[in-house]
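Asks: Right, I'll just put the structure down here and ask away after.
None of the figures in this text is laboratory data; all of them are computed from the coordinates on show. This one's a predicted model, so the numbers in the text were calculated from it and none came from an experiment. Cβ atoms come from the backbone with ideal geometry, glycine included; neighbour counts cover every protein chain shown.
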Amino acid sequence: MKEQNYEIRKGKTEIDVLHKDTNLTFIHPAYGPNKYSNLKELIEKDGLNSPTMSETASLVYQAFINDKEGKEPEFNDIKKIIKDMWLWGFTGILYTPKLIYIQDNPETRSGTPFMDESELVKKLGENDSNVKTLQYGFKLESMTSLELAKNPFVIALAGEEGADKLAQVADTFKIKPYLWSFKSVDKNLTRVSALGSYWDLGRRLVVDGDYLGGSRGGYALGVRHKNFSSGNK
């Protein structure tokens, strides 16, 4: 048999997305399928950032809202991931009996997100914008898109702008969106966030705050940050 003496390298596509007052560049194709910690390691090994839930919401919004006709193959791929599997949002959640902590891009230890309550309290005292808290009592499970946009948990995960974008994405599905989370816990639980519609075979948007991160079915696009200019998107 003739020895293989060639190598094929396929190019990557850059997708510029307006996010708040910055221009995010997502790199396509997506990493995955793989578990949360593996994808985070692969993305950062390539010199990219792991996208937070807020940033992921901006990407999904562009795919579903600004390309409704399905003209862009990269956006079609993102839609397929959402409808068949899920996109990891690299925003971690620490549920405690009294309070919920939300942190963008928490560190990982032994393959899982690590969120220490005392460290989070310290970061809050230092006004770290990557850490937020909220109380239990928000609506769970099936809800209208308007309720999703105003849901305190979704806002904590994705910001007000991100929650509104997810609500608009939810309106492109046949069934009301769905939120997975906890009404209460009796001990500290660490979870990661994700977007998908797998629970209903692609018929509704699911915002998930109850993932351990160990499942290998998730995807993510690496992201590169740069300043946004209206004359050079």
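Asks: Pairs of Cα atoms under 8 Å, at least six residues apart: use those to get the relative contact order of the chain, whole percent.
Replies: Relative contact order comes out at 32 percent.
Asks: Give the label of the value calculated from the structure for Cα extents along the principal axes in Å, choosing from [x] 64, 42, 39; [y] 75, 40, 35; [z] 53, 39, 30.
Replies: Computing Cα extents along the principal axes in Å and matching it to [x] 64, 42, 39; [y] 75, 40, 35; [z] 53, 39, 30 gives [x].
Asks: Could the peptides 83-92, 148-157 be put in order, highest first, of the mean number of other beta-carbon atoms found within 10 Å of their residues?
Replies: With the highest mean Cβ count within 10 Å placed first, the list reads 83-92, 148-157.
Asks: Extension gain K68-T96, at 0.36 nm per residue separation less the Cα-Cα distance, in nm?
Replies: 6.1 nm
Asks: Then there is this: Taking amide H positions as placed 1.01 Å from N in the peptide plane, with prolines and chain starts having none, which residues 5 or more places from N105, or on another chain, fall under 5 Å of its amide H?
Replies: T91, G92
Asks: Now for a separate question. Work out, step by step, the length gained on full extension between E117 and K12: first 0.36 nm times the residue separation, then minus their alpha carbon distance; give nm to one decimal.
Replies: 33.9 nm
Asks: Shifting gears a bit: Which of the helices in the chain, when you take each full DSSP H run, stretch at least 20 Å along the axis at their Cα atoms and have an average Kyte-Doolittle score of 0.5 or higher?
Replies: Membrane-span-like by this criterion, though nothing is claimed about a membrane: none.
Asks: Cβ neighbours within 10 Å, averaged per peptide: list 35-42, 53-60, 210-217 in order, most packed at the top.
Replies: 53-60, 35-42, 210-217
Asks: With label points built 7 Å along Cα→Cβ from the Cα atoms of K45 and Q168, find their separation and express it in nm.
Replies: Here the answer is 3.6 nm between the modelled labels.
Asks: Sticking with this one: With each label point set 7 Å from Cα along the Cα-Cβ vector, what nm distance links S110 and N76?
Replies: 4.5 nm
Asks: Under the 0.36 nm per residue contour assumption, what length would be gained going from the current alpha-carbon distance of D21 and L212 to full extension?
Replies: Here the segment from D21 to L212 would lengthen by 65.6 nm.
Asks: Let me ask another. List, largest first, the extents of the alpha carbons of the stretch 108-190 along their principal axes, each in whole Å.
Replies: Taking the Cα atoms of the stretch 108-190, the three principal extents are 41, 27, 27 Å.
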